Amino acid sequence: MQPSGKQLSTTQRAVHLLREMIFRGDLAAGSDHLESELAVRLEMSRTPIREAALTLESQGLLELRPRKGVRILPVSPDDMEEIYDVLTELECLAARRAAEANYSQPDLKALAAAIENMELALESNDLENWAKSDDLFHRELVRLGQNSRAFSVFEMMNDQVRRARSVTLFMRPLPVQSNEDHRQLYEAIANGDATRAVEIHRDHRQNAKHMMLDLLSKHRLNSV
């Protein structure tokens, strides 16, 4: 997601563009690229490319190799399992805090809108828009948890989930149950039922993890 607000620096723009190229598959998993090549492709100097690569390396998207440029890292089932476990705990904490916060319906407007957009996307079989709305739902859930450090960790790790989902999105069953899980979570938060909110979301994330790992292993997408 492109940052908004004030104009981006060249390095920030390079981070955004390279991340999106990785997610789209323009920079394929396992591929190698010289910094000079990426600089030409993005019409930038090598310095912001190098700085962007350092940022993306810290996020687990690529590896910097001395005198060899960068290598786009494959999606690892082991990494994804760890990431899902961490995200599950972060989001369950957020779900609990959101339910305990006594939010009004206007406070939960963005969460409800994300659910509505996911349902509309499924009705039109638009999985890409479903994925975008699903992403917005999870980001809004963590924001409602009111823990800025948890949100920062979520943002970093969710990039990896987005990447894995980009290569498995059209291999999975239609996410009808996922939409239902989100609606039940919304209702638990709106009703102030923290225990139910955590229970629903933990099951949801665990099911998502098992499905993702199964797809990655079955189609050997981690070795692409």
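The values are calculated or read from the model by the stated rules, or taken from the named source; none is laboratory data. Keep in mind that this is a model prediction, so the values were computed, not measured. Positions of Cβ are backbone-derived with ideal geometry, glycine not excepted, and every protein chain shown enters the neighbour counts. The area values use the complete protein model at the heavy-atom level, side chains included, leaving out ligands, DNA and RNA. Shrake-Rupley method; radii C 1.70, N 1.55, O 1.52, S 1.80 Å.
Key figures for this structure:
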quantity	calculated
Selected residue (only one of Leu90, Leu111 is surrounded by 21 or more Cβ atoms within 10 Å (Cβ to Cβ) and within 15 Å of the chain's Cα centre (by Cα))	Leu90
Pair list, Cβ < 9 Å and 6+ apart or interchain, from segment 113-133 residues that are farther than 19 Å from Met212 by Cβ to residues that are open to solvent by 10 Å² or more (accessible area, probe 1.4 Å) and not in a helix (DSSP H, G or I)	Leu120/Asp126; Asn125/Leu174
Residue within segment 159-167 that is polar (S, T, N, Q), over 17 Å from the mean Cα position of the chain (by Cα) and surrounded by 16 or more Cβ atoms within 10 Å (Cβ to Cβ) present	no
Test for Gly25: is it within 18 Å of the chain's Cα centre (by Cα) and over 23 Å from Phe154 (Cβ atoms)	yes
Hits in segment 32-47 (condition: part of a helix (DSSP H, G or I), touching a strand residue (DSSP E or B) at 6+ places or on another chain (Cβ under 9 Å) and open to solvent by less than 90 Å² (accessible area, probe 1.4 Å))	Glu35, Ser36, Glu37, Leu38
Some residue of segment 51-64 being in a strand (DSSP E or B), open to solvent by less than 50 Å² (accessible area, probe 1.4 Å) and either of a type in the set (Ser, Thr, Tyr) or in contact with a helix residue (DSSP H, G or I) (Cβ under 7 Å, 6 or more places away or on another chain) (or both)	yes
Residue match in segment 114-122 (condition: hydrophobic (A, V, I, L, M, F, W, C), over 28 Å from Thr55 (Cβ atoms) and open to solvent by 50 Å² or more (accessible area, probe 1.4 Å))	yes
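To keep it simple, each residue is scored yes or no on (1) hydrophobic (A, V, I, L, M, F, W, C); (2) closer than 19 Å to Val153 by Cβ.
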site: Leu18; (1), (2): yes, no
site: Glu37; (1), (2): no, no
site: Leu61; (1), (2): yes, yes
site: Pro74; (1), (2): no, no
